Structure formats: C-alpha cells, structure tokens
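Note sheet for the following structure.
Please treat every number below as a calculation from the coordinates, not as lab data. This is a predicted model, so every value here is computed, not measured. Here the Cβ positions follow ideal geometry from the backbone for every residue, glycine too, while neighbour counts run over all protein chains shown.
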Amino acid sequence: MGCLQSKTANVQSPDQEPSQPDSKPDLANGDQVDPDQVPAFKEFGLAELRAATNGFSSELIVSESGEKAPNVVYRGKIRSNHLVAIKRFSKQSWPDARQFTKVDVHFSKAFGSDLHSCMYPCSAGISYNRDFQLVAEAAGVGKVRHKRLVNLIGCCAEGDERLLVAEFMPNDTLSKHLFHCTDILHLWDKQPLQWEMRVRVAYHIAQALDHLTAENRKIYHDLNAYRILFDEEGDPRLSSFGLMKNSRDGKSYSTNLAYTPPEFLRTVTDSPKLSFGWHAKSSLPLKSLVTHLEPCGMPWFICRVIPESVIYSYGTVLLDLLSGKHIPPSHALDLIRGKNVLLLMDSSLEGQYANEDATALVELASKCLQYEAKDRPEVKFLLTAVTPLQKQEAASHVLMGLTKTTPVTLPTMLSPLGKACARMDLTAVHDILLKTGYKDEEGAENELSFQEWTQQVQDMLNTKKFGDIAFRDKDFKGAIDYYSKLVSMMSVPSGTVFVRRALSYLMIGQPELALRDAMQAQVCLPEWPTAFYVQAVALSKLGMETDAQDMLNDGASFEAKKLNSWRN
C-alpha cells in the first residue's frame, strides 16, 4: 500500500484537542528529527511487514512478555534498510482492523468536551459505535516528530490485521534497566542505573511531554517504565505507541489498576459531575444510556483520561526511578508523609546523590500524585523542577556502560545487485539474477559444459531447465526442489545454482538455509561478489547486522578489484 494522501492528513483523533497554531514549538533548537534517519510516515502492506519480520518469527519478538504479551512487538527491517519495531495487535483487541473506538456522541455530550472518556463495566468490554479509521489516527501521531520520542513511521490495516510501525530502540526499556538488573536467574547482566542517568530519564520524558503538549497531544495512554526506551546513543525516549489506544474499548491503562490515576477508577455514582438521571448537558438520561449498553448491574467506571492523568503517571515513573522498584503510589505516599524517604530510595544509589536533590525529586513525585487532578502541576513545571538536578554532561551511553557502535556506512561503490541487497529489495535481486543468468561462471570448469554426452547429463540439463523456469516464474518452492535435485546430481557444484536456491529460501522466509547456500556459492567462487551480497541479506534477516555489513563491504571490495583488473 502506498503513502497516505492528504485526505487523512487533517483528520483529528478523538484524543487530540482543537488545533492552536501559535502553540507550536520552535524546532530551531536542535530538536528536529533527521529525515534521513527517520522515514516518512506511510501505510504499509501486510506482505511487507510479514517479510520484514520473517513471517512474524518468534525469534524476532522484543516484547518483554514474549508471545504472552496482549499485543506483540517484533523487531524487523523494512525495504529502506531501517530497523523498526512492529506492534501487532491481537484480534481480541481490534476485531475491526480498519477502525478504532470512538465514544458515542451522547457520551461526549454527557461528560462534556473538557475530557476524553469512555465508560465500561468492570467485567466485559463493550462494542461501541466505531467510526474513525486507524490510518487517520496513526497518520496524526506520525506527524508528531521529536528527538525525545520513538517516532511512529507507519501503520497497517489490512484484512483482520492491525499493526503499528515505529523506530527500533536497541537498548531495551526503562523497566528492564530498573527492575531486571538484579534478576536472580542472571538473565540480565546490566548494572543498576546511576542516579545521573535516572535524572536524565526524568528530564528527557518531561521534554517529550512538553513537546506533545505544544503539539496539542496532551493525552498519553499508560505512561510507565515499559513505554520508555533507550536509543543507540543510550538516550531515553518516550514511545509513540502510547499516543494511541491499546484496544477497541479505548482502555488507556493496561498495567495493574493500583498504578492508575484516581479519576480513571471513579464510578458513575462517585462522580460529582454525573448522576443517574437527567444530565444538564445531555438530551438523554444517563441511566438509560448506561443500561442500554449493558444492564449488568455492576459498577460502571468513568475511565477519564485527561491531561492531568499523564502528570500522575509521570509521578509513578519518578517513583520507579527513585526506588528501583514498581511501587504502588499509595504505599510510596505513606512513606513520604511519614518522612521515611530513605526507605523509598533504591539502596544501590547510596552515595550517588545529594540529599537535597533526592528530596526535590521526591517532592515533585508527591505533587504529581495528588488525588485531585486540579492540584497536580503542569508539564512546564516538571521541566523547571527537573532541569537543575542535572549535574553531569557525560554522554548517556557512558552513564549506562554501553559500547557505542560505529555508524553503519554503505560502501561508496556498489553494483545494482549490491545496492538491491543493501536495501533488502528481494524483488530487484531476483530480477538482476535472472538477467545475469550463468554469465559469472563462464570459463569455469562447469560440469554441464565439459562432459561427455550421456543420459546423466541430459537429466541434469532437464532438471536445470525446470529449475530455471520455476525460478523465473517465482515458483520458489518448485525452484528449490529442482535445484536440490540438480545439486545432488552434479559432481562439480555451481555457484549460480546455490545463489538462486538461496534467494528462493529467502523468498519463503528461511534465511538460515539461504545463508548456508550463499556460503556454498562462495566456496564455489571465492571472490564472487554475488555470494557475499546474498550472504549479507540472509545475515540481516537473521538480525546479524554487523556481519551483514562486513559481507557488503567484502562484496564491494571484490567488485572494485574486478573493475580495476578490467581497466588494467
């Protein structure tokens, strides 16, 4: 599917407030996102995302809960050669893949325009009136770009599938760095985050929220330590996935309800604004609206998600940073009121901070966690409070003990085949291999050309012919069968046959077998660039990026050597 056209560009999400042009941030301060590093937002086809994840391979799952996660996130590589995170929603979350839940207009009137709400019983979800497309909501989120965000670069709504595509962050989540560093099974060998790095997380996330506020994106769903990820530089970023709902019910909080803002859990009868009866702003009795949907007699929660809810959730993240544990806000506030702040602090931070700095962060968390939304600070206050706490200017990767990788650069000289392999364009690779044929083996001791004419040779020629026809017609399973027979019949192997079978394996999602064949092709022709390039594709599909880059470089070197020999 192609890029989104302008017809979706101006559609507003239900969570987005009316546009205010003069509230736009000034991006002249270095907060811009490099367009070469972050692809433009587009609507992906399901086939492309399936190919990018090797058929949604379980080996590429990066969700901390693995396949048990309600919505699974995969690592993948798209055709532009960018690594991406692909969030695949479960069928239960989004049975209607082209739409997301929009609260019925009667509820909007009943609750007023000053909040974004949904109502549902504490049991099953409700099938609301759905009339807003996923693509429109995702396109709006995709326009919000910032260096403190994990930027959304695409979506897919095809058939019964619903997926989001964002930048890939290679250095895990804040949750993993905070809560798993003392894993008793020693599955996570990182040291606890230093105090300065924790302060930097608080500062960067406040910057992200400030930018979202300026962009009229004040609603962020379920801000927690799992939504904060670390990029290749070790800098913390806020996931753009939180700018969109998690399910058809519009439920905004997927974590334990002990960590949700108080207003999210209020029932209809608890709300001073709502009661069972006629409502001043509604043309219908609220009770009739509720019982019409599901008259189960169970408590109805007003799942209010307002800008102040995000501030509350920011406070819970501060508690995570201070304690190194996922501590319920009610328990933390009891410790703070009882002046037992030392019991709250992570013992691994001892000696790393000044008492006044810790006190300032604790006080900020306390302000954010106020029960009444009106008593919580605004986003600008968060920035003002956290900025003075930053004392070191060391790079994030140094504070986190990460080994900084050298930026990947493609060889300056690549043939069309090399370029196609570098961008993982298998269709282009197939076309080039068809045009090249067996020319690269001309002059070699090829059994098909230099044997006495026998029935065995005739059988080999027929098998090769049928394999080549299947390869040409993109019948890759058939090509694999014929080429496999041919390999078993030949005493002198053919590098071209191995490369063609390798590409056929790649086309059907078997990169391990493709890598094996490409290596066999290199054995046949040790300085053949094609063998190195196809190995690079297979290695990249397997997530071995450094090795893939080495193969591209080697292939380019042999191409340059070959070109120089022709010139001489």
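By the count of neighbouring beta-carbon atoms within 10 Å, fewest first, Trp528, Trp195 end up ordered Trp528, Trp195. Note on Cys524, Cys155: ascending count of other Cβ atoms within 10 Å places them as Cys524, Cys155, the fewest first.
The order of Phe241, Phe498, going from fewest to most other C-beta atoms within 10 Å of their C-beta, is Phe241, Phe498.
Electrostatic bookkeeping for Arg237 treats Lys and Arg as +1 and Asp and Glu as -1; over the other residues with beta carbon under 9 Å from its beta carbon, the sum is -1. For the range 189-245 versus the range 456-489, the inter-centroid distance based on Cα atoms is 54 Å.
Please compute the contact order of the range 416-567 in relative form: average sequence separation of alpha-carbon pairs under 8 Å and at least six residues apart, divided by the residue count, as a percent. Reported relative contact order: 20 percent.
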